[in-house]
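Notes for the one structure printed next.
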Amino acid sequence: MPLMLPENRRRGESMSLVKISAGKVNGKPIIKAWESFSGWYWLGTEKVREQLTNLGNGKAIRDTIWFGFVIGPCPEWGYFSEAEIKSLAPWAWEIQPRDIPYISKEVRA
């Protein structure tokens, strides 16, 4: 199977710099955010939908799907589940809204 790379990477362009400061990711306001002991960050910039999600225990729970920027081993924009992040507690937690403006990072994605 061929290696699937984003179009800009196939053209040989470098990864773009993503700036996170003043409660925004590249100018998009952060609505909700989480962090973890492993150094991952989930920065929700759009609330996509609410749904019922089964996390493998046979019970459906209310969930919110977010679109935003995820900082992990390979930082990227994408969709993520609030219920899945909450299931990682106590190793992952929500960043308090008052603290979101103080998140400051620059990463390549």
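Only the coordinates and a few stated rules stand behind these numbers; no lab work does. This is a predicted model, so every value here is computed, not measured. Cβ coordinates were reconstructed from backbone atoms using ideal geometry, including for glycine residues, and neighbour counts include every protein chain displayed.
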>> With n ≥ 4 as the cut-off for DSSP H runs, can you work out [θ] at 222 nm for the chain, using -39500 (n - 2.57) per run divided by the number of residues, rounded to the nearest 500?
In response: -1500 deg cm²/dmol
>> What lysines does Lys32 reach when the alpha-carbon gap must be under 20 Å and sequence neighbours fewer than 8 apart in one chain are set aside?
In response: Lys19, Lys24, Lys47, Lys86, Lys105
> For Ala60 and Arg98 in the same chain, what is the full-extension length gain: residue separation times 0.36 nm, less their Cα-Cα distance, in nm?
Replying inline: 10.6 nm
>> Using all alpha carbons of the chain, what is the percent of pairwise distances in each 10 Å bin, ordered from the shortest bin to the longest?
In response: 13, 41, 30, 14, 1
> Given charges of +1 on the Cβ of Lys and Arg and -1 on the Cβ of Asp and Glu, with all other atoms neutral, how large is the dipole of the chain about its Cα centre, in debye to the nearest 20?
Replying inline: 180 debye
> DSSP loop trypsin sites (Lys or Arg not before Pro) in segment 41-109 with at most 11 other Cβ atoms within 10 Å of their Cβ, which ones?
Replying inline: Lys59
> For Cys74 and Ser36 in one chain, what is 0.36 nm times their gap in residues minus the Cα-Cα distance, to one decimal in nm?
Replying inline: 12.1 nm
